[in-house]
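First the structure, in the form of structure tokens, and then the observations on it.
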Amino acid sequence: MGTVKQAINKKRCAWCPPDDPEYIRYHDEEWGVPVHDDRHLFEMLILEGAQAGLSWRTILKRRDSYRKAYDHFDAKKIARYDAKKVKALMADPGIIRNRLKVSASIENAKAFLAVQKEFGSFDKFIWQFVDGKPRINRPRGMGDLAARTEQSDAMSKELKKRGFKFVGSTICYAFMQAVGMVNDHARDCFRAPRCF
């Protein structure tokens with residue numbers, strides 16, 4: 001409890017609710033930190049797609065359920081999901097039970113594996129959209145945060161071309177922020193200089 005109490009007193013990005021320990025942990029330990037692990041990248045791509053039309057808080061509170069339901073985001077297993085598994089996912093109250101999103105996660109697993117095969121890793125493929133290093137934006141406030149950029153537009157176009165679903169430019173930009181391809185921590189946020 002002491003850690004959470006200490007964390008509450010720090011200056012954070014305005015979008016991080018001060019009364020939600022899980023959200024604070026996500027902001028303080030994950031958001032904006034560069035990720036190069038393929039499984040984690042795949043997890044975030046699926047979760048960002050699941051968020052479409054919903055709040056991140058809705059997804060974050062279901063994250064453990066997603067990990068259990070989706071075999072800890074093992075793309076090889078997910079790519080082999082059959083009608084029986086889809087039915088089980090659609091009955092799972094711990095995840096967002098949207099048939100299009102569930103189907104997209106399976107198609108995305110197949111596309112993800114194809115990218116890994118072609119590039120050697122998804123990491124190598126996805127980080128090319130920022131030339132292999134995080135873009136640092138340092139917004140002054142919420143009004144300065146982009147919803148999409150030229151890089152997220154290019155990523156979205158390429159992912160769609162490769163068969164990925166739920167990868168519009170806005171979803172891609174949220175993914176880029178989440179996995180540290182973009183550091184959009186506010187200038188006065190204590191995490192702004194510490195994501196590397």
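The values are calculated or read from the model by the stated rules, or taken from the named source; none is laboratory data. Every value quoted in this text rests on a predicted model; they were computed, and no experiment measured them. Reconstructed Cβ throughout: ideal geometry from the backbone, glycine too, with neighbour counts over all protein chains shown. Please note that ligands, DNA and RNA were not included when accessible areas were found on the heavy atoms of the full protein model with its side chains. Shrake-Rupley method; radii C 1.70, N 1.55, O 1.52, S 1.80 Å.
Of all residues in segment 172-195, those being outside any loop (DSSP other than H, G, I, E, B) and touching a Phe, Trp or Tyr at 6+ places or on another chain (Cβ under 7 Å) number 2. Residues in segment 78-92 that are touching a residue at least 12 places away in the same chain (Cβ under 8 Å) and not hydrophobic (A, V, I, L, M, F, W, C): Y81, D92.
Candidates in segment 12-32 are the residues that are touching a residue at least 40 places away in the same chain (Cβ under 8 Å) and in a helix (DSSP H, G or I); of these, the one that is nearest to the chain's Cα centre (by Cα) is H27. For segment 33-61, the set of residues classified as closer than 18 Å to I171 by Cα and part of a loop (DSSP other than H, G, I, E, B) consists of V33, P34, V35, A52, G53, L54, S55, listed by residue number. Taking every residue in segment 113-129 that is more than 14 Å from D37 (Cβ to Cβ) and β-branched (V, I, T) and pairing it with any residue that is open to solvent by less than 60 Å² (accessible area, probe 1.4 Å) and in a helix (DSSP H, G or I), at least 6 positions away or on another chain, the pairs with Cβ-Cβ distances below 7 Å are V115/F122; V115/F125. State whether one or more residues within segment 32-47 are more than 22 Å from H185 (Cα to Cα) and either open to solvent by 40 Å² or more (accessible area, probe 1.4 Å) or not hydrophobic (A, V, I, L, M, F, W, C) (or both). Yes, some residue in segment 32-47 is more than 22 Å from H185 (Cα to Cα) and either open to solvent by 40 Å² or more (accessible area, probe 1.4 Å) or not hydrophobic (A, V, I, L, M, F, W, C) (or both). On the stretch given as segment 99-116, residues that are surrounded by fewer than 18 Cβ atoms within 10 Å (Cβ to Cβ) and hydrophobic (A, V, I, L, M, F, W, C) total 3.
Exactly one residue out of A146, A114 is under 21 Å from S156 (Cα atoms) and assigned to a helix (DSSP H, G or I), and it is A114.
Of note, I96 does not satisfy the criterion of being farther than 25 Å from R12 by Cα, open to solvent by less than 10 Å² (accessible area, probe 1.4 Å) and more than 12 Å from the chain's Cα centre (by Cα). Applying the criterion of being within 17 Å of L100 (Cα to Cα) and touching a residue at least 24 places away in the same chain (Cβ under 8 Å) to the residues of segment 48-66, the residue that is most open to solvent (accessible area, probe 1.4 Å) is L54. Scanning segment 70-93 for residues that are open to solvent by 60 Å² or more (accessible area, probe 1.4 Å) and within 20 Å of Q51 (Cβ to Cβ) gives H72, P93. Residue-level check: of (1) in a helix (DSSP H, G or I); (2) more than 16 Å from the chain's Cα centre (by Cα); (3) over 18 Å from I171 (Cβ atoms), I106 misses just (3).
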